[in-house]
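J.: This is the structure I have questions about; it appears just below.
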Amino acid sequence: MAQICLDVTCSIRGRRWTMRCDDKAADDFARAANLPRIEAAILAGRGIAAEHVQSFLAPTLRDTLPNPSVLQDSDKAAGRILDGIKRGETIWIFSDYDVDGGTSAAQLIRWGRAIGYEFQLYIPDRVKEGYGPSRAAFESLKAQGADLIVTLDCGAAAHGALEAAHEIDLPVIVVDHHLMDGNPPPAFAIMNPNRVDDSSGLEHLAAAGVTFMLIVALHRLAKAKGMHPDIDLKSLLGLTALGTICDVVPLTGVNRTFVRQGLKVLTHTDHVGIKALADIAKAEPPFTAYHCGFVLGPRINAGGRIGRADMGAELLATENAQLAYAHAAELDRVNAERRTMQANMLDEAMTEAEKQRGQAVIIVSMDGWHPGIIGIVAGRLKDRFDTPAIVIGIDEDGEAKGSGRSIRRVNLGGAISAAKAAGLLKSGGGHAMAGGLTMEANKLSDFAGFINDYLSEDVAQARANQSTYIDALLSPMAANMDLLEMIDRIGPFGAGHPQPCFAFADMRLNYAERLKGNHVRFSFEDRAGQVLSGICFGADEKGLSDGLLAPNRGHFHIIGQLKPNHWQGRTRIDFHLTDMSPA
C-alpha cells in the first residue's frame, strides 16, 4: 500500500500526498547502487534499476539511439527524399507552426544545406488555414512546381488533404507523431511511431525526435551512395531537444538522451538563431529545460500563435545573423503582446469555468478568443480545477476552434476523436494529454454533453486516485547546494520524468507578500529556526493565496521543488511551493 506523507489525505488543493518510493525500497536501492539515500529515493521512485544508474545518469547516443529502420516507412521515406535531391526536384517541407514543427523543419533544412540542397518551407497560418495540410495548400504548392511534400509534425490524420494530393499526382511523405486510428491516409510514406502497424516502441517521440531519426536514415543512405553531407548530426540535437521539451513528451528512453545531450549543444552552440533569441530574451547559458520551455519556446511559438507562422522556423533554420536578430526581436515583441492577450482571456475563462466547477470536463467558449492562445489558457484551467479543460474561440463566421488539456489517466485526444466520429466536429484529434478541434458553434452544447458523458467515469476514477507524489521528507538544513547538484545530475526533468518534489513538516509562515502576476513570495521556518524561503507562482490559480496571505499565520506542511536562483553573480536556493496543508 502506498505510504501517505505526513498523513495528508486532502491538502488545500484537495490532494493526497503519497511517497513516490517507500522507505525499504529506497534503503535497498541506496545499498545496491552505492548512492546517498535521497538520490536513491528519487531514482527508485522513477523506476530506474540499480544496475542501470550510471547509463541513466550519463546517457549516450551510442547506447540509446535505435536503428531508424525500426520505424515503419523510414527507409522508404529516406530513399524517396534522397532520390528527389539527386534529381534536383523541388521538395517542400510542410510543417506545423509550433516549436516541435519549427525545430523539425530547421533540422531537415540544415541537413539539406549540408548536402548542398535547399528545401522549400511552407507553414500554414494558424488563423486562416488552421492546423495541418489542406487541399488548397497542396494545390497551391503543386502550382508552384512542387515535386514532393514532406509534412513534419502534421499530416497523420489529414485524409482529405492527402486524398487531394493523390488526385493531383503530388507525392507526400508524412513525418508525424500524433495518434492515428483506422486506415492510414494515402501517402507515399508515413513515418509515425504512433501508426497502428508500427512496432518500434518509439511512440513517446516528439516530431523533432522522429525527424532526427529520419535524418539519421538519410545521412546513412547518402553516405552509402557516395554522398558526403558536411555536418555532424550531433549539432542538430539542440533543436531536437528544444522540440522535445516544448511538446511535453515523456523525457524517458532516447528522449532523455536527446534532451541531455541537446542541452549541452544549445549551451555551447554557434547557432545564430538560438544566440539571437537568447540575447533578446536576456537568457544566459548554461541552458536548461526551463530555458527551452519558458524562455525560448514561448517566443518561437509566438509567431505561430499571433504573428507570422513561419518566423520561428526561419529563425531556427537561418545562418544569417542579421535576419536572426530581426526575427528574434519581432518574436519577443509578439510574445509580449501574446502575454497581454492571454492574461485578459484567462480572466474571462476563469469566470466562466467557475460556473462549471464539479463537471467532469470544463468547456468554456467565447466570441473572439484568439485560436493561438486558447491552448495555453486550457492548460491553466486544467491546473486550477484539476480536471480536463477545453477552451473554444468562435469567429465571426460562427466557426469554433478549440484546444484542450487533460489530466493523467484521461485520454482527451481519444474523446475528441470519438466526437468527430459521432459527427459533432469538422475536424479534431490529438493525444492523451491534449487535443484540438474545429466545429460549428451551434453544436457546442451537444459537444459539451458528449465529452462529459464520454469522460465522466474516467475523470472520476482519475480524481479519486489523484495524488501528489513526494520524493523525500526534508529539513530546511538539507536544502543545500549539494542537493541541487544531485538533482541536476538526475535531470533534465519534464513529462514522464518529473522534477523531484520535497516535503517539509510543521513549518511556521514568517512572511508572505503578493507580487505582480498573482505570485507570492514567502519564508517559512521550522521549530529549530531554520528558514526556507521561496515563491509560489500563480498562487491564485493554485488556490494557495488565502493560506499564504491570511492575517493569522499558522503552521503548515508544505511541498514543492528546490531551484537555483541566480542573481548578481550569486546563487541561492529558492523553494517553489506547489501545495500546503495545515500542520
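J.: For the chain, take the longest principal axis of its alpha carbons; what is the angle in degrees between that and the long axis of helix 481-490, to the nearest 10 within 0 to 90?
T.: 30 degrees
J.: Roughly what angle does helix 272-281 make with the longest principal axis of the chain, taking Cα atoms, 0 to 90 degrees, to the nearest 10?
T.: Taking the Cα atoms of the chain, the angle to 272-281 is about 40 degrees.
J.: Moving on. Which one, A105, Q561, G116, is farthest towards the positive end of the dipole of the chain when Lys and Arg carry +1 and Asp and Glu -1 on their Cβ?
T.: Q561
J.: Any chance you could run the full-extension gain for K234 through N320? It's 0.36 nm times the residue separation minus the Cα-Cα distance, nm to one decimal. Write out the running numbers ahead of the final one.
T.: Values: separation 86, 0.36 × 86 = 30.96 nm, distance 2.10 nm.
So the extension gain works out to 28.9 nm.
J.: If you don't mind, there's one more thing I want to ask. Using only Cα atoms, tell me the angle between helix 254-267 and the longest principal axis of the chain; keep it within 0 to 90° and round to the nearest 10.
T.: Taking the Cα atoms of the chain, the angle to 254-267 is about 90 degrees.
J.: Sticking with this structure for a sec: I need the P(r) histogram for region 355-465: all alpha carbon pairs, bin width 5 Å from 0 out to the longest distance, whole percents.
T.: Result, from short to long distances: 2, 14, 26, 28, 19, 8, 2, 0, 0 percent.
J.: Using just the helices of the chain, give the 222 nm mean residue ellipticity in deg cm²/dmol: DSSP H runs with n ≥ 4 each add -39,500 (n - 2.57), and the total is spread over all residues, rounded to 500.
T.: Details: 21 runs with 241 residues, N = 583.
After summing the helix terms and dividing by residue count, I get -12500 deg cm²/dmol.
J.: If you don't mind, another one. Taking the Cβ of L61 as the center, what net charge do the other residues with Cβ under 14 Å away carry, scoring Lys and Arg +1 and Asp and Glu -1? Kindly include the intermediate steps, with their values, before the conclusion.
T.: Values: positive: R62, R220, K234, R256, R260, K264; negative: D63, D232.
Residues close to L61 contribute a combined charge of +4.
J.: Another question, if that's okay. Relative contact order for region 355-465 using alpha-carbon pairs under 8 Å, separation at least 6, rounded to a whole percent?
T.: Details: 227 pairs, mean separation 27.7, N = 111.
Rounded, it is 25 percent for region 355-465.
J.: Something else: Can you give the extra length, in nm with one decimal, that the chain gains between V196 and E396 once fully stretched, where that is 0.36 nm per residue apart less the Cα-Cα distance?
T.: On the way: separation 200, 0.36 × 200 = 72.00 nm, distance 3.83 nm.
Going from the current span to full extension adds 68.2 nm.
J.: Past 18 Å, Cα to Cα: identify those pairs from K401/K426; K142/K426; K76/K225; K234/K282; K355/K426, in the order given.
T.: Details: K401/K426 10 Å; K142/K426 25 Å; K76/K225 15 Å; K234/K282 26 Å; K355/K426 27 Å.
Over 18 Å Cα-Cα: K142/K426; K234/K282; K355/K426.
J.: Still on this structure, I have one more. Can you sort H327, H166, H228, H178 by how many other beta carbons sit within 10 Å, fewest first? Walk me through the intermediate numbers first.
T.: Working: H327 27, H166 16, H228 11, H178 23.
Ordered from fewest to most neighbouring Cβ atoms within 10 Å, H327, H166, H228, H178 come out as H228, H166, H178, H327.
J.: Taking the Cα centre as origin and putting +1 on Lys and Arg beta-carbons and -1 on Asp and Glu beta-carbons, what dipole magnitude results for the chain, to the nearest 20 debye?
T.: Charge dipole of the chain: 1180 debye, to the nearest 20.
J.: Want the number for N67 to A505: 0.36 nm per residue separation, take away the alpha-carbon distance, what's left?
T.: Working: separation 438, 0.36 × 438 = 157.68 nm, distance 4.84 nm.
Roughly 152.8 nm would be gained on extension.
J.: What share of the DSSP beta bridges in the chain is antiparallel, in percent to the nearest 5? Display every interim value, and only then the final one.
T.: Numbers: 50 of 80 bridges.
Counting only bridges with both partners in the chain, antiparallel ones make up about 60 percent.
J.: Still on this structure, I have one more. Whole-Hz Karplus ³J(HN,Hα) for region 429-437, in order, using 6.51 cos²θ - 1.76 cosθ + 1.60 and θ = phi - 60°, x for Gly and Pro?
T.: x, x, 10, 4, 9, 7, x, x, 7
J.: L179's amide H: which non-local residues (gap 5+, or another chain) put their own amide H closer than 5 Å, with H modeled 1.01 Å from N in plane and none for Pro or chain starts?
T.: The list, which skips near neighbours in sequence, is G430.
J.: Then there is this: If you take the Cα atoms of region 313-398, find Rg, then find the Kirkwood Rh from the mean of 1/r over all pairs, what is Rg/Rh? Don't skip to the answer; put the middle values down first.
T.: Numbers: Rg = 16.6 Å, Rh = 14.6 Å.
Taking Rg over the Kirkwood Rh, I get 1.14.
J.: Now, a different point. Could you let me know the centre-to-centre spacing of region 335-367 and region 485-511, using Cα atoms, in angstrom?
T.: Taking the Cα centre of region 485-511 as reference, the centre of region 335-367 is 29 Å away.
J.: Also, quick follow-up: Taking +1 at the Cβ of each Lys and Arg and -1 at the Cβ of each Asp and Glu, which of Q359, A309, M345 sits farthest along the dipole of region 294-391 towards its positive end, judged by Cα position relative to the Cα centre?
T.: Q359
J.: Under the definition of Cα pairs under 8 Å and six or more residues apart, what whole-number percent is the relative contact order of the chain?
T.: On the way: 1183 pairs, mean separation 71.7, N = 583.
Here the relative contact order equals 12 percent.
J.: Tell me, what ³J(HN,Hα) does each residue in region 297-302 have, in order and in whole Hz, if you take phi through Karplus 6.51 cos²θ - 1.76 cosθ + 1.60 with θ = phi - 60° and put x for Gly and Pro?
T.: x, x, 6, 4, 5, 4
J.: Here is a further query. Give the long-range amide H neighbours of S427: residues separated by 5 or more places, or on another chain, with amide H under 5 Å away, using H modelled in the peptide plane at 1.01 Å from N.
T.: Under 5 Å from the amide H of S427 lie the amide H atoms of T438, each far enough along the sequence or on another chain.
J.: Could you line up D386, D458 from fewest to most neighbouring Cβ atoms inside 10 Å?
T.: Working: D386 16, D458 20.
Ranked by crowding around the Cβ, least crowded first: D386, D458.
J.: Please report H219, H177 as a ranked list, fewest other C-beta atoms within 10 angstrom at the top and most at the bottom.
T.: Values: H219 21, H177 29.
By the 10 Å Cβ count, ascending, the order reads H219, H177.
J.: From the convex hull of the Cα coordinates of region 439-583, what is the mean projected area in square nanometres?
T.: On the way: hull surface 51.2 nm².
Hull-based average projected area comes out at 12.8 nm².
J.: Can you give me the distance in nm between label points at D482 and K76, each placed 7 Å from the Cα along the Cα-to-Cβ direction?
T.: Output for this residue pair reads 5.7 nm.
Values in this text are rule-based calculations from the coordinates and carry no lab data. All values derive from a computational prediction rather than experimental measurement. For neighbour counting, all protein chains shown are included, and Cβ atoms are generated from backbone atoms with ideal geometry for every residue, glycine included.
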